Amino acid sequence: MAIEKLTGPRLYQLIFLLVVLITAFTWRTVTYVPVSDMSLISEDSDVCDITNKACILNLDKNQIIIDVIERPIKQNTEMTVSVAGSDTELKIEAEGIDMNMGILKFIPEKAGNNSQLYSVFLPKCKHNEMRWKMNITLKEKTLNVIFSDKK
């Protein structure tokens, strides 16, 4: 590699690039908003927290009751959700609110008299509590339910 002499135009180019990079990093630092401070769920959607009690939601003129089979909800265990009031199979996925733990896809287990069971394995997190947003989809309509799991 040949040694180049630091000329005036090359010095100006390096200084300009340095100013652009410092400006970009400063701008991102000043305008940064943590994920937990953002409004993750729109105000017009049905939202409730199933960590402590069942939720009653309206989906396509049907009243749907969503509940967790076993409380408290713990990390590194299987979570089973009961959905009553819907005859059709739902698509249920969960994603972390505070951190990215991937998308958890709930698997339908069995259908009972007007209720269905869905299960998923909740991963272990380094934090004591993890908050999740569950997306429940039927056709084109999506409902959001929040839950928390603990170690």
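Can you compute the label reach from Lys61? Point 7 Å from Cα along the Cβ direction, backbone N cut-off under 18 Å, restricted to region 132-151. Taking a point 7 Å out along Cα→Cβ of Lys61, the residues of region 132-151 whose backbone N falls under 18 Å are 138-142.
Lys-Lys pairs in region 51-106 that are eight or more residues apart or on separate chains and whose Cα atoms lie under 22 Å of each other come to 6. Ligands, DNA and RNA are left out, and with a 1.4 angstrom probe the accessible area of the chain is 71 Å² per residue. Ordering Phe121, Leu90, Thr80 by the projection of their Cα atoms onto the charge dipole of the chain, which places +1 on the Cβ of Lys and Arg and -1 on the Cβ of Asp and Glu, puts Phe121 at the extreme positive end. Here r is the Cβ-Cβ distance between Lys124 and Asn144 and R0 is 25 Å; the resulting FRET efficiency, rounded to 0.05, is 0.55. Highest-first packing order for the peptide set 17-28, 136-147 is 136-147, 17-28, based on the mean count of other beta carbon atoms within 10 Å. Given the options Thr31, Thr80, Thr51, state which has the largest fluctuation in a GNM of the chain using a 10 Å cut-off (strictly under) for Cα springs. Answer for the Gaussian network model of the chain: Thr31. Taking Cα atoms only, the orientation of helix 8-31 departs from the longest principal axis of the chain by about 30 degrees. Here region 45-151 is treated with +1 on each Lys and Arg Cβ and -1 on each Asp and Glu Cβ, and its dipole about the Cα centre works out to around 280 debye. Just the number, please: carbon plus sulfur as a percent of the accessible area of the chain, 1.4 Å probe, no ligands or DNA/RNA counted. Carbon plus sulfur share of accessible area: 56 percent. Quick check for you: which residues of region 100-132 have the amide N under 20 Å from the point 7 Å beyond the Cα of Glu78 toward its beta carbon? Counting only backbone N, you get 103-113, 115-125.
The values are calculated or read from the model by the stated rules, or taken from the named source; none is laboratory data. These figures come from a predicted structure and were not determined experimentally. No Cβ is skipped: glycine too gets one built from the backbone with ideal geometry, and neighbour counts run over all protein chains shown. The protein model used for the area step is the full one, side chains on, heavy atoms only, and it has no ligands, DNA or RNA in it. Shrake-Rupley method; radii C 1.70, N 1.55, O 1.52, S 1.80 Å.
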